[in-house]
Amino acid sequence: MTAPESLRAPAGPARRSLGQGQAPVVAAVALGGALGATARYALSLHWPTPPGGFPWATFWTNVVGCAVIGVFMVVITDVWAAHRLVRPFFGTGVLGGFTTFSTYAVDIQKLVDHGRPATGLVYLAATLLAALAAVWLASTAARRVLKRRQP
C-alpha cells in the first residue's frame, strides 16, 4: 500500500538536501547575530547609561548600524555578487544583532519611569530621524563613491 499523493515527499529536483535548504541560512543568521549582539553588549559595558540619563550608547549603536546597513546594501546589490549566505550573516545577523531597537524602546520607558518624559520623547524622535538619515546618507554616499570609481 502506498501513501496518498499529498503525503509523499517530493522527488527529484524539488527535494533539497539539508545543506541547500534553510539550515545554513539559519546558522549564518545565528552566528552573525551572536557576533553583533556581543559587540553591542561590549559597547554598553564601556559606555553605560546612568539612571535617567540619555542612552548615548544605544543611540549611536543604532545610528552607526543603520549607516553600515546602507553601505552594505549598496555594495551587495550594485557591486558585488555575494555568496547567498553573506546577506543573512552580515545584514540580518551581525547588523541585526548589533542594532537594538528593542533596547531603544526599553530606554524610552526607563526615561519616562525616571520622570524624564520630554527626554524620552526627544530620544524617540532623534533616534528615528538619525537612523533613517544615516541609512540614506550612507547609501547615497556609497553610490556616489562607486559611481566616481567607474570608468
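Checking each residue in the range 64-85 for being modelled with pLDDT of 90 or more and in a helix (DSSP H, G or I) picks out 64, 65, 66, 67, 68, 69, 70, 71, 72, 73, 74, 75.
Going through 37, 28 one at a time, which residue ends up being open to solvent by less than 20 Å² (accessible area, probe 1.4 Å), in a helix (DSSP H, G or I) and in contact with a Phe, Trp or Tyr (Cβ under 8 Å, 6 or more places away or on another chain)?
28
Each residue in the range 48-63 was checked for being touching a residue at least 12 places away in the same chain (Cβ under 8 Å) and either part of a loop (DSSP other than H, G, I, E, B) or at positive phi (or both), and 5 pass.
Return the residues of the range 100-124 that are open to solvent by 40 Å² or more (accessible area, probe 1.4 Å) and without any contact (Cβ under 8 Å) to a residue 24 or more places away in the chain; say none if nothing qualifies.
Narrowing the range 100-124 to residues open to solvent by 40 Å² or more (accessible area, probe 1.4 Å): 101-103, 105-106, 109-110, 112-118, 121-122, 124.
Across the range 100-124, the qualifying residues are 102, 105, 106, 109, 112, 113, 117, 118, 121, 122, 124.
Taking the criterion of being surrounded by fewer than 19 Cβ atoms within 10 Å (Cβ to Cβ), over 12 Å from the mean Cα position of the chain (by Cα) and assigned to a helix (DSSP H, G or I), would at least one residue in the range 87-99 satisfy it? No: the range 87-99 contains no residue that is surrounded by fewer than 19 Cβ atoms within 10 Å (Cβ to Cβ), over 12 Å from the mean Cα position of the chain (by Cα) and assigned to a helix (DSSP H, G or I).
Here the condition is being in contact with a Cys (Cβ under 9 Å, 6 or more places away or on another chain), over 17 Å from residue 38 (Cα atoms), open to solvent by 50 Å² or more (accessible area, probe 1.4 Å) and in contact (Cβ under 8 Å) with a residue 40 or more places away in the chain; of 137, 132, it holds for 132 alone.
The values are calculated or read from the model by the stated rules, or taken from the named source; none is laboratory data. What you see is a predicted model, and the numbers here were worked out from it, not measured in a lab. Cβ sites come from the backbone with ideal geometry, for glycine too, and all protein chains shown count toward neighbours. To get the accessible areas, we keep the full protein, side chains included, count just its heavy atoms, and leave off ligands, DNA and RNA. Shrake-Rupley method; radii C 1.70, N 1.55, O 1.52, S 1.80 Å.
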